[in-house]
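Quick note: the coordinates plus some simple rules give every number you see, no bench work behind them. Not measured: the values here are computed from a predicted model. All Cβ positions, glycine included, derive from the backbone under ideal geometry; neighbour counts span all protein chains shown.
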């Protein structure tokens, strides 16, 4: 699940080149349970853009709270 905040961030210049599919694939690569919001670094989008994710596990699955694109 991707929050509306994350979708809004994807429209910012700093996140250019990162798509919903990139967020999905990055979030499922993270092993284990994440009970509190945690930042994971160093993912690479299909476009080559490097980004970080803040995710948390909820009852419905993994929630992508925000995305931080690297310059």
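Observations, loosely collected:
- Enumerated strands (runs of 3 or more DSSP E) restricted to the chain, each holding at least 1 residues that are out of contact with any strand residue (DSSP E or B) (no Cβ under 7 Å at 6 or more places or on another chain) and in contact (Cβ under 8 Å) with a residue 12 or more places away in the chain: 50-58, 61-69
- Filter result (loosely packed, with under 13 Cβ neighbours inside 10 Å and under 16 Å from residue 69 (Cα atoms)) within the range 21-57: 21, 39, 41, 42, 46, 47, 48
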